[in-house]
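Asks: I'd like to ask you about the structure that follows.
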Amino acid sequence: MKNTDWLGKGGQISRLAAVVFAAATVMAGAAVADTLETVTKRGVLKCGVSGGLPGFSSPDAKGVWRGIDADFCRALAAAVLGDAGKVSFRSLSAKQRFTALQFNEIDVLSRNSTWNLRRDAALGLNFAGVIYYDGQGFMARKADGVKRLKDLNGAAICVNTGTTTELNLGDYFRTNKLKYTPVVFEKYDEVIAAYEKGRCDAFTTDLSGLAAQRIKLKKPDAHVLLPEVISKEPLGPVVRQGDDKWFNIVKWTLFALINAEELGVTSKNVGRLAKTSRNAKVRRLLGAEGQGGEQLGLSADWAVKAIAAVGNYGELFERHLGKTSRLKLDRGLNRLWTQGGLMYAPPVR
């Protein structure tokens, strides 16, 4: 999902929002100068996550946060603090998430957030890469006979407010000369509850979110995901601008997990390979050669700790999103580049 908190009419940043953001940037400047030092002294990583999106970040019955976004935070904590358990998770709505990051309430946002120009250029944020390639879709009831988006002409559609999902919906229907009535709510659970109660004919969000929300319904099989995808939604972890050291650490933790899968390094063999591998690429990744850890300001075995804690990218995907998970999503674009997908990480050299 995608926040438009700072937008005025027509998607423009309001003067008041710009002033508030500028003030926030000045006040936060000194605080963001060295996030690594702050996290290290505190001994805990503060991670912003969603309020409950299965597969990405959602507390289980025991209150333990599960999902690919939550586990990325654990990998980051392992790389920085040497302990994947030293994470404090904060549940944030779409409207709260970027403000919490801008005002130093969290160290990293790992919450199904879309990378776009405005967030880079206007909100003072940096996306540290893509953890999931997604796109906006629609869900409807099978009993209504809806098979394509054109069948929703004149329909009531549930959507999260304060998001570019809402803007994409308006753009698509206007462009294709279709009519609709938006039924808006701030939180995911409110949207899905309204849809299930019949207050709208369809529900729109990212395809991964639709899959995650469908399993919450009383009769998941009574609902269908329509074939059209109306947007590009590259989702990834986010940090504040102004601290390149922390930005490098966050993005290279993600790159390490992707490179690990490509090189066949897993949570089970990473300890052994760190000691015995003769593959130069593996040795550089795991700190047996080169100065990667030193260049990042971390220990030589930072990647070993991250991979041992949560596994490589493929392990993360299968555990939380893949065919053996509750969501049973196909990897699609999220396959490695060597397997026809878009997952590609710069080399560790």
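Asks: Could you check, for the range 122-130, whether at least one of its residues is of a type in the set (Phe, Trp, Tyr), under 24 Å from residue 318 (Cα atoms) and outside the structural domain of residue 193 (by TED's automatic domain parsing)?
Replies: Among the residues of the range 122-130, at least one is of a type in the set (Phe, Trp, Tyr), under 24 Å from residue 318 (Cα atoms) and outside the structural domain of residue 193 (by TED's automatic domain parsing), which makes the answer yes.
Asks: While we're here: Mind checking which pairs have a first residue in the range 286-301 that is part of a helix (DSSP H, G or I) and a second that is of a type in the set (Ser, Thr, Tyr) and surrounded by fewer than 19 Cβ atoms within 10 Å (Cβ to Cβ), Cβ under 6 Å, 6 or more apart or different chains?
Replies: So the pair list comes out as 293/299.
Asks: Within the range 101-133, restricting attention to residues that are charged (D, E, K, R) and buried (at least 23 other Cβ atoms within 10 Å of the Cβ), which residue is nearest to residue 337 (Cα to Cα)?
Replies: 111
Asks: Going residue by residue through the range 254-275, is there one that turns out to be assigned to a helix (DSSP H, G or I), more than 22 Å from residue 76 (Cβ to Cβ), at pLDDT 95 or above and out of contact with any His (no Cβ under 7 Å at 6 or more places or on another chain)?
Replies: Looking through the range 254-275, at least one residue is assigned to a helix (DSSP H, G or I), more than 22 Å from residue 76 (Cβ to Cβ), at pLDDT 95 or above and out of contact with any His (no Cβ under 7 Å at 6 or more places or on another chain).
Asks: What residue, among those in the range 129-177 that are of a type in the set (Phe, Trp, Tyr) and more than 23 Å from the chain's Cα centre (by Cα), is nearest to residue 229 (Cα to Cα)?
Replies: Result: 172.
Asks: Filter the helices (runs of 4 or more DSSP H) completely within the range 138-246 down to those with at least 1 residues that are assigned by TED's automatic domain parsing to the domain that holds residue 54, touching a Pro at 6+ places or on another chain (Cβ under 7 Å) and under 30 Å from residue 74 (Cα atoms).
Replies: none
Asks: Where residues in the range 338-349 are farther than 23 Å from residue 232 by Cα and surrounded by fewer than 17 Cβ atoms within 10 Å (Cβ to Cβ), which of them is farthest from the chain's Cα centre (by Cα)?
Replies: Only one residue fits best here, namely 349.
Asks: Looking at the range 302-337 only, could you name the residues that are among the small types (Gly, Ala, Ser), part of a helix (DSSP H, G or I) and surrounded by fewer than 24 Cβ atoms within 10 Å (Cβ to Cβ)?
Replies: Answer for the range 302-337, where residues must be among the small types (Gly, Ala, Ser), part of a helix (DSSP H, G or I) and surrounded by fewer than 24 Cβ atoms within 10 Å (Cβ to Cβ): 308, 309, 314, 332.
Asks: Looking at the range 216-235, is at least one residue among the small types (Gly, Ala, Ser) and free of Cβ contacts under 8 Å to residues at least 40 places away in the same chain?
Replies: No, every residue in the range 216-235 fails to be among the small types (Gly, Ala, Ser) and free of Cβ contacts under 8 Å to residues at least 40 places away in the same chain.
Asks: Residues being farther than 15 Å from residue 57 by Cβ and assigned to a strand (DSSP E or B): count how many of those fall in the range 84-137.
Replies: Residues flagged as farther than 15 Å from residue 57 by Cβ and assigned to a strand (DSSP E or B) within the range 84-137 amount to 7.
The values are calculated or read from the model by the stated rules, or taken from the named source; none is laboratory data. Everything numeric in this text was worked out from a predicted model, so none of it was measured. Here the Cβ is made from the backbone with ideal geometry for all residues, glycine too, and neighbour counts use every protein chain on show.
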